[in-house]
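The values are calculated or read from the model by the stated rules, or taken from the named source; none is laboratory data. From a predicted model like this one, the values you see are computed outputs, not experimental measurements. A quick note on method: Cβ atoms are made from the backbone with ideal geometry, for glycine too, and the neighbour counts reach across all protein chains shown. When the accessible area is computed, the model is the full protein with side chains, heavy atoms only, and any ligands, DNA or RNA have been set aside. Shrake-Rupley method; radii C 1.70, N 1.55, O 1.52, S 1.80 Å.
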Amino acid sequence: AFCVLLPQTFATIGNFQVMVNSQAVVLILALAASIPLRTGDFDLSIANVMTISACLLGVLTGAGVPALLAVVLVLALGMVAGFVNDLLVVKVGVDAFIATLGMLTALSGAAFAITDGRRVDTYPQALSSVVNTELFGLPLLTYYAWLLVLVLWFVYECTPLGRRLLFIGGSRESARLAGVRVDWVRIGAFVSSAALSSLAGILLAGSLGAIDPGIGSAYLLPPFAAVFLGATTIKVGRYNAFGTVAGLYLLVVGITGLQLFGVPAWVSDVFNGVALVLAVSLAIVAGRRNRG
């Protein structure tokens, strides 16, 4: 519809490149969110795991820490955040929504603390090259995101681990009775989600070259809207990799088309919020029909 209505602005290669490139980090976060969701858990903290990872990388690099060591330390921090979520949710029994919301808030404060509330721009030049070098008109960052889609698709659809994740999400007690190590799989899901979020932060830092510690709020809703909307496509009623891609690009097409029509900037937030509510509702309905 947008191609027909806006042939001179929407239906162009340049606009396609902008839409795809702008969503690479969001796609990685959406994939990260899908892992615990597949086990029936919820991790709200992914956006600020990304943010503090990007900020910490800049702080460490500015302090003279070698680039490779800084990246390793940042990834370790992300995994620690995931492990703390594990302890609260899996071992203590705190509701996943509450625990990860608390982690989201705590990490937001920590990002401002380690940066003194200032923008961070001391990143290795090599990181920018690894992220922004173009191949066939698209930066390598976009290809990294697509590669992660293929990896998660393989794990979800072609490995016993993918089936265990789905089994646990359907019924933890049944999975436990069937011999699945439910707690360990859930722990692995949270840690993997946090590690991917931390990786997203590193790649975002390389892409932008400067990070504001308050940037996380802009990345909170879109990944979840994409994942829930993705559960209504490809594998109906299931959180899946290719469905997440379809959901994400459907959202960006809608937002970009509206922006090219000249609507106010606040419409993007309204669009994402409404899309999230509709996506959750559709995912629930699709899940019920699939089980039926």
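Worth a mention:
- Environment charge at Leu87 (Cβ cut-off 12 Å; Lys +1, Arg +1, Asp -1, Glu -1): 0
- Average Cα contact separation per residue, the chain, under 8 Å, 6 or more apart, as relative contact order %: 30 percent
- Carbon + sulfur, % of accessible area of the stretch 139-292 - ligands and nucleic acids excluded, 1.4 Å: 67 percent
- On a per residue basis, the chain carries 46 Å² of accessible surface, using protein heavy atoms and a 1.4 Å probe.
- Read-out volume of the Cα convex hull per residue in Å³, derived from the coordinates shown; its label in [x] 136; [y] 125; [z] 150: [x]
- Between Phe154 and Phe83, the C-beta separation translates, for a Förster distance of 41 Å, into a calculated FRET efficiency of about 0.95.
- Inter-site label distance for Leu161 and Asn132 at 7 Å from Cα along Cβ, in nm: 3.4 nm
- Value at 222 nm in deg cm²/dmol, rounded to 500, when DSSP H runs of n ≥ 4 in the chain each add -39,500 (n - 2.57): -24000 deg cm²/dmol
- Exposure rank, largest accessible area first [Met19, Met79; 1.4 Å]: Met79, Met19
- The string of couplings for the stretch 265-282 from the Karplus curve (6.51, -1.76, 1.60, θ = phi - 60°) is 4, 5, 4, 4, 5, 4, 4, 5, x, 5, 4, 5, 4, 5, 5, 5, 4, 5 Hz, one whole number per residue in order, with x for Gly and Pro.
- Accessible surface of Asp86 - all protein chains present, 1.4 Å probe, nearest 10 Å²: 0 Å²
- Separation in nanometres of the label points that stand 7 Å from Cα toward Cβ, at Arg181 and Asp95: 3.1 nm
- Each Lys and Arg contributes +1 and each Asp and Glu -1, all at the Cβ; summed about the Cα centre of the chain, the dipole is approximately 940 debye.
- The stretch 65-208: relative contact order in percent, alpha carbon pairs under 8 Å with at least 6 residues between: 43 percent
- Label sites at Thr9 and Val270, each approximated as a point 7 angstrom past Cα along Cα to Cβ, lie 1.8 nm apart.
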